[in-house]
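One structure is given here, and the rest of the page talks about it.
The values are calculated or read from the model by the stated rules, or taken from the named source; none is laboratory data. Note that the coordinates shown come from a computational prediction; the quantities given were computed from them, not determined experimentally. All Cβ positions, glycine included, derive from the backbone under ideal geometry; neighbour counts span all protein chains shown.
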Amino acid sequence: MRDLPIALLRTFMVVAGTLNLTVAANQLNKAPSTISMQLNRLEDLVANPLMERGQHGVRLTATGIQLKHHAQQLLNLHDQIVGSFQNIDIAGQVRLGTHDQYASRTLTPLLKAFILSYPEAQLEVFCDHRPYHLTDMLEQGKIDIALVEMPANSGGGLRLRRDELVWVRAKDHNVHQQAVLPLAVFDEGCYHRNYARKALEQSARPYRIAFTSQSRAGVLAAVRAGIGVAIIPRHTLEDDLVVIEQELPALAETEITMFTASRVNEATRRLALTIEESPLFNNS
């Protein structure tokens with residue numbers, strides 16, 4: 001049995017997670033042809049097909065599913081070993097404040113890699129749907145990094161990625177066609193809620209608040225149940241949700257923005273740099 005290069009396994013895991021070569025290529029900052037070549041090489045090494053490529057993406061074979069499980073364990077152990085030797089002197093408290101739409105989705109692999117690479121760092125994550133509450137915590141010295149969603153072109157912080165807000169509904173619920181539009185929204189203080197109300201009022205579309213939550217999971221659970229429509233950044237769209245493109249008024253653009261305290265330790269600087277350089281947050 002020939003050795004499996006770590007670089008090939010990392011590429012495979014991104015493709016296995018996205019099931020789309022183009023999306024994976026964008027995340028890895030590589031050409032789709034390069035991704036295909038790496039996958040072909042990995043398949044040659046394991047002597048079995050790992051994926052079935054089709055018009056609408058890729059699907060893992062039984063071998064691919066098995067490799068995905070083992071590869072994740074191997075990469076975790078590899079990163080932990082490397083981190084324990086390379087970064088053993090980088091320690092200290094790292095306090096990150098962010099919206100749970102990032103903490104529960106986009107940030108997950110990044111934070112996992114950070115923990116494995118810097119085992120002596122003490123990571124603490126605070127989630128809140130109110131961006132100004134998190135920036136206030138930063139100014140008060142309660143957190144070191146605030147990764148938040150800000151209005152486009154509003155200034156302040158390091159702008160990482162521009163995105164657009166979109167209306168979403170469940171695939172099997174046409175609640176957006178009701179005479180009075182039911183909304184599933186975050187509690188007061190969230191830009192999504194404010195933008196939605198402003199857009200609907202300007203277009204004279206009747207609406208009502210049907211569901212309120214402080215978490216993305218709660219809001220989207222209400223959407224999936226057909227209780228109402230929600231507003232999310234397009235890049236966080238999930239497969240079982242449908243974007244409402246025409247029937248509702250357009251929403252504002254936003255920017256993922258990182259604020260960092262003026263005086264932080266080396267571990268915090270490493271996390272800030274990791275976020276800044278990650279293709280998950282940078283679409284420039």
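Scanning segment 266-283 for residues that are over 12 Å from LEU110 (Cβ atoms), surrounded by fewer than 16 Cβ atoms within 10 Å (Cβ to Cβ) and in the same structural domain as ASN153 (by TED's automatic domain parsing) returns GLU266, ARG269.
Of the residues making up segment 216-244, those that are of a type in the set (Asp, Glu) and free of Cβ contacts under 8 Å to residues at least 60 places away in the same chain are GLU238, ASP239.
Kindly check whether there is at least one residue in segment 258-276 that is more than 17 Å from the chain's Cα centre (by Cα), modelled with pLDDT of 90 or more and within 18 Å of TYR191 (Cβ to Cβ). Within segment 258-276, one or more residues are more than 17 Å from the chain's Cα centre (by Cα), modelled with pLDDT of 90 or more and within 18 Å of TYR191 (Cβ to Cβ).
Conditions (1) under 22 Å from THR98 (Cα atoms); (2) not aliphatic (A, V, I, L, M), marked per residue:
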{"position": "LEU181", "(1), (2)": "no, no"}
{"position": "VAL185", "(1), (2)": "yes, no"}
{"position": "VAL223", "(1), (2)": "no, no"}
{"position": "ARG234", "(1), (2)": "yes, yes"}
{"position": "GLU247", "(1), (2)": "no, yes"}
{"position": "SER262", "(1), (2)": "yes, yes"}
{"position": "THR268", "(1), (2)": "yes, yes"}
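Filtered by the rule that a residue be part of a strand (DSSP E or B), among the β-branched types (Val, Ile, Thr) and farther than 30 Å from GLU277 by Cβ, segment 158-188 gives a lone residue, VAL185.
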